[in-house]
Amino acid sequence: MDTLGDRMEYIIYCDESSSDGPKFSDFFGGCMVNSKDLHIVEDALNAKKRELNLFGEIKWTKVTEQYLERYIQIMDLFFDFIRNGKIKARIMFRRNEDRPTNTQARYNSEDKYFKLYYQFLKNSFGLKDLPLEQGDVFIRIYLDQLPDTKEKCDHFKEFIRNLPNIRDFQNVHGRLHIRKEDVADIRSHDHVLLQCTDIVLGAMYFRLNNLHLDKPTGSQRRGKRTIAKEKLYKHIHKRICEMLPSFNIGTSTGERGFQNPAWELPYSHWRFIPK
């Protein structure tokens with residue numbers, strides 16, 4: 001079925017957005033693609049970028065009125081792949097009011113980032129609920145460049161590689177594999193799937209934090225860039241609702257009729273609530 005013969009291989013691209021927002025913070029996003037579909041998906045998205053004369057890195061912060069229609073076309077292709085099952089996308093965030101009640105459990109500012117990233121990778125893609133019919137599964141995890149020392153980043157990567165061995169993953173012991181060389185940080189500039197993830201992640205941060213209402217100081221009207229970003233967010237939300245009607249971006253996505261939603265949902269949100 002793919003390059004590993006009778007073994008399945010999936011690639012997960014991960015990104016993170018601002019850790020601080022007025023209402024919602026700690027945004028993490030990712031998309032997963034089967035290795036047999038990777039070149040099909042990447043080639044199509046890169047060809048679309050060339051067709052639209054988008055030769056640099058596409059990202060949420062670059063959305064303007066001038067580029068809005070081009071970004072809509074890229075997102076349409078990205079969500080076409082989600083709809084037809086070639087990509088699964090996941091977004092995680094925390095509402096600022098959701099904090100540990102025990103002061104001893106409050107996040108240490110130095111390790112919060114890695115702890116939340118670990119939770120995202122551990123739970124968002126349904127890896128511990130891999131269906132038996134998948135057989136042996138190999139996972140490659142590509143992280144947008146990690147903003148910390150090499151020592152801390154290497155330590156974090158080792159935790160990720162050990163996921164198949166922890167107790168929560170006992171149902172997939174011996175079937176799920178993450179090799180040492182298959183967890184790496186990469187430059188988003190070189191990976192179109194990471195760029196598309198950045199746009200979706202940025203759109204959710206933008207809308208959940210009500211940035212669509214922002215007005216320049218002293219102005220009664222919103223800026224053209226803000227209006228363009230709201231239009232792109234609305235288009236993305238419309239595409240999500242085509243698959244998952246009445247999708248609420250501010251709550252964790254329910255089962256939606258899927259028997260194994262963590263694994264099967266084409267797109268989902270997880271509002272992380274610390275225990």
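The values are calculated or read from the model by the stated rules, or taken from the named source; none is laboratory data. Since this is a predicted model, take the numbers as computed values, not measurements. Here Cβ is always computed from backbone atoms with ideal geometry, including for glycine, and neighbour counts include all displayed protein chains. Remember, those area values only see protein heavy atoms, side chains included, never the ligands or the DNA or RNA. Shrake-Rupley method; radii C 1.70, N 1.55, O 1.52, S 1.80 Å.
Tabulated values for the structure
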{"item": "Point-to-point label distance, residue 46-residue 185, nm (Cα→Cβ direction, 7 Å offset)", "result": "2.4 nm"}
{"item": "For region 1-103, accessible area per residue (1.4 Å probe, heavy atoms of protein chains only), Å²", "result": "45 Å²"}
{"item": "Mean Cα-pair separation over length for the chain, i.e. relative contact order, pairs under 8 Å, 6 or more apart, %", "result": "30 percent"}
{"item": "At least 18 Å along the helix axis (C-alpha) and Kyte average at least 0.5, DSSP helices within the chain", "result": "192-208"}
{"item": "Projected-area mean, region 1-79, by convex hull of Cα positions, square nanometres", "result": "7.0 nm²"}
{"item": "Extension reserve of the residue 7-residue 72 stretch, reckoned as 0.36 nm per residue once the Cα distance is removed", "result": "19.8 nm"}
{"item": "Length-normalised contact order for region 150-275 - Cα pairs under 8 Å, 6+ apart - percent", "result": "13 percent"}
{"item": "Where region 189-275 is the region considered: accessible area per residue in Å², 1.4 Å probe", "result": "51 Å²"}
{"item": "Answer label, with volume of the Cα convex hull per residue in Å³ calculated from the coordinates and candidates (i) 133; (ii) 114; (iii) 149", "result": "(iii)"}
{"item": "Contour minus Cα-Cα distance for residue 251 and residue 98 (0.36 nm per residue)", "result": "53.8 nm"}
{"item": "Carbon plus sulfur fraction of accessible area for region 169-275, probe 1.4 Å, in percent", "result": "47 percent"}
{"item": "Relative contact order, percent, region 1-87 [alpha-carbon distance under 8 Å, six or more residues apart]", "result": "25 percent"}
{"item": "Computed E for residue 213/residue 61 - FRET, C-beta separation, R0 22 angstrom, nearest 0.05", "result": "0.75"}
{"item": "Full-stretch length increase - residue 222, residue 166 - with 0.36 nm per residue and alpha-carbon distance subtracted", "result": "15.2 nm"}
{"item": "Inter-label distance for residue 112 and residue 134, nm, one decimal - labels placed 7 Å from Cα along Cα-to-Cβ", "result": "3.1 nm"}
